[in-house]
Amino acid sequence: MKVRKLEVYGNSALIIYQVKGEWQTKDPKLIPYQKYLLELIKKFEEISFTHLSRDKNQFADALATLAVMAQIEEGQLTQVLRIKARSEPTYCFMIEEEIDGKPWYHDIQVYVKTREFPQGASRNERRMIQRLALGYFPSGEILYKRSSNGELLRCADAREAKRILFKTHEGNCATHANGHMMAKQIMRRGYF
């Protein structure tokens, strides 16, 4: 890629300090990697290594999550990722009960079953419900969303979503995975 200047940030103090030469590599399995890395470093005009503690590593965690979710073939061009730092956190896809106490998918479920819209729904709201309803499938009282690969994903209200997350996180060996892997584990438990 002809990169001449590089800043490397890592959350492993061991690796960062070994590469900087401040700590010694003792594990025989890691010594060949360290030697290769030291040769690779010589190819850069300027290179720096900085240790980031885990609490300052949210950006790297977010990039790791994106890397797991995206499947890019070698040689394929990708779009540039522009990132803006925000002063306040953003919450997306929060599952909350509506003011009327009904789950988030209630209007879609009613439309799928009866083809009726909520009272007072505007023309745009009706169109939106019709469009959304195309991707949903009812089975008794349970509503499923069809995924792009044909799987049926179970719609969960706020109480059930909290229960699912609690069950997935409980115990000594609870999962501490990114969102994508967490979704896979939840699906393995039968919530699909």
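The values are calculated or read from the model by the stated rules, or taken from the named source; none is laboratory data. No experiment lies behind these values; they were computed from the predicted model shown. Every residue, glycine as well, gets a Cβ built from its backbone with ideal geometry; the counts of neighbours run over all protein chains shown. Please note that ligands, DNA and RNA were not included when accessible areas were found on the heavy atoms of the full protein model with its side chains. Shrake-Rupley method; radii C 1.70, N 1.55, O 1.52, S 1.80 Å.
Values for this structure:
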{"item": "Two-site FRET efficiency, Q130 against N11, from Cβ-Cβ distance with R₀ of 45 Å, rounded to 0.05", "result": "0.45"}
{"item": "Distance histogram in 5 Å bins (all Cα pairs of region 8-47, percent per bin)", "result": "5, 22, 31, 28, 11, 2"}
{"item": "Inter-label distance for E45 and Q71, nm, one decimal - labels placed 7 Å from Cα along Cα-to-Cβ", "result": "4.0 nm"}
{"item": "Computed E for Q58/M181 - FRET, C-beta separation, R0 30 angstrom, nearest 0.05", "result": "0.95"}
{"item": "Amide H partners (placed H, <5 Å) of K145, local residues excluded", "result": "F137, L153, R154, C155"}
{"item": "Under 12 Å, Cβ to Cβ, from F137 - net charge with Lys/Arg +1 and Asp/Glu -1", "result": "+3"}
{"item": "Sequence-distant residues sharing a close amide H with L6 (under 5 Å, placed H)", "result": "E46, I47, S48"}
{"item": "Accessible-area value, M182, 1.4 Å probe, nucleic acids and ligands omitted, Å²", "result": "20 Å²"}
{"item": "Residue-by-residue Karplus 3J(HN,Hα) for region 69-76, coefficients 6.51, -1.76, 1.60, Hz, glycine and proline x", "result": "7, 8, 10, 10, 7, 4, x, 7"}
{"item": "Exposure rank, largest accessible area first [E46, E160; 1.4 Å]", "result": "E46, E160"}
{"item": "Solvent-accessible heavy-atom area per residue, rounded to whole Å², over region 105-157 at 1.4 Å", "result": "69 Å²"}
{"item": "Label zone at R159 (point 7 Å along Cα-to-Cβ), backbone N below 14 Å, region 101-145", "result": "101-104"}
{"item": "Nearest-10 value in Å² for the accessible area of T25, using the 1.4 Å probe", "result": "20 Å²"}
{"item": "Pairs beyond 31 Å (Cα-Cα), from K102/K167; K42/K84; K84/K167", "result": "K42/K84; K84/K167"}
